[in-house]
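Just below is one structure, and these are the notes that go with it.
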Amino acid sequence: MSALVAVEEQDRLDLVVFDRPVTVLLPPDPDGERRARLRDAWSRCLSPGPPAAGAVLCDLRAVTAPTEEADSGARLGDLVTTAVTTRTMESALGTLLLLHAAGLAAEDGRVMALCAPPGTGKTTATLVLARRFGYVTDETVAVVPGTGQVLPYPKPLQIIDREVAARKVARGPEELGLRAPSASTALHLGPVIVLDRSLDPAGDAAPTVTPLPLAEALPRIVAQTSSLHLLPRPLQTLCALMDAHGGPWLLHYAEAETLPEVLDAWLAGRESRSAGPESWESAVVEETSPSPPCGDGAVVRRAPVADAVAIPGGVAVLRGGDFFLLQGVGATLWERLTRPRTLDELTEALVAAHGTVEGADGIVAELVEQLRDRGLLSIADGGLA
């Protein structure tokens, strides 16, 4: 008998998150009330059977409960949510695309991923939309890169409860009356939508869904991912997944209550769409036996990066967890560095692409040094190295 099975069932919370088994070991609870509330809140994530071998483990047995029961239950709920989310995401790094987004499923299984930073209205929008669409998650949309399959995480939602010192408490989707996705339809990634909530009471009240250029979308969406760089070809993977639904989108709105009707009509195709996603292509070149640069002086080459894509208006580069959008001269330099080049060669490339510029050699030298400092270029055999 495994150590997990040996723990009494009433002292465990066995879940399935991102299609992974998760076991939460709980602190003592003599009357069982806190555990019962947790099971209700996590009802849509409960495992149908005993804990599986290799389950993600969240050990909260050492948690000390506050003296007030209301505070105790709320605090434990917070800890369980944080532990389950953190540990399960850690287990998925490098295998799943993890978007910090709310996920709402249409009848055909398409999951809208509503991306926005924490504290900007995702949960509020989810509470409204999940009465029309299936509730997939309000936290993390987990996508299998090769297929676009979405693995649900219908966790409790953190709702402000004014009866508990106006703090957030966990409320399950069943308690909140949120729809569940169709059990007979597989979930797959639909449109990736960046939320843009207007806080100006005098602003436009009618929501709009418009195409979002990649140069604007990638910085905002990449910022709402977890360890994207650990995936193979991460930027290309993200762009390809968004391509399937016309590229990224921007949803501008003021009040969440106005969203269901607009998104329902938009998904059904009753609203105008763009002609299609923007073009993009890989901007990564693997050096095998690079040709030597022409001339003397500092030799500049691209540094190893996780991925890079050429998009309209620039080049998007991911180096580790850092995202860069190179535009103008910076994009020109990157594109010309398909092989090592000298500063003189890069200056010639700048002039060829942008015309004669006074002090072009100095501009190139300064920009190369800046990109070197950011870890995007390396320089050797010259005064800048």
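Values in this text are rule-based calculations from the coordinates and carry no lab data. Predicted model, so just to flag it, every value in this text is computed and none were measured. Note: ideal-geometry Cβ built from the backbone for every residue, glycine included; neighbour counts use all protein chains shown.
Tabulated values for the structure
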| read-out | value |
| --- | --- |
| Segment S182-A244, length gained on full extension (0.36 nm per residue, minus Cα span) | 20.1 nm |
| Segments 213-226, 26-39 sorted - mean Cβ within 10 Å per residue, highest first | 213-226, 26-39 |
| Label of the coordinate-derived value, Cα extents along the principal axes in Å, listed as (i) 80, 52, 40; (ii) 85, 47, 35; (iii) 83, 55, 35 | (i) |
| Residues H252, H245, sorted so that the one with the fewest Cβ neighbours within 10 Å comes first | H252, H245 |
| Charge tally in the Cβ shell below 14 Å around S182, where Lys, Arg are +1 and Asp, Glu are -1, S182 excluded | +2 |
| Fully extended contour minus Cα-Cα distance, from D322 to R339, at 0.36 nm per residue | 3.8 nm |
| Rounded FRET efficiency, nearest 0.05, which uses the C-beta distance separating S282 from L93 and R0 of 25 Å | 0.65 |
| Rounded FRET efficiency, nearest 0.05, which uses the C-beta distance separating E33 from T120 and R0 of 45 Å | 0.85 |
| Estimated vicinal HN-Hα couplings, Hz - segment 28-36 in sequence order (Karplus 6.51, -1.76, 1.60; Gly, Pro = x) | x, 8, x, 8, x, 5, 5, 5, 5 |
| Full-extension gain in nm, A303 to A265, via 0.36 nm per residue minus C-alpha separation | 9.1 nm |
| Amide H partners (placed H, <5 Å) of A283, local residues excluded | A308, V309, A310 |
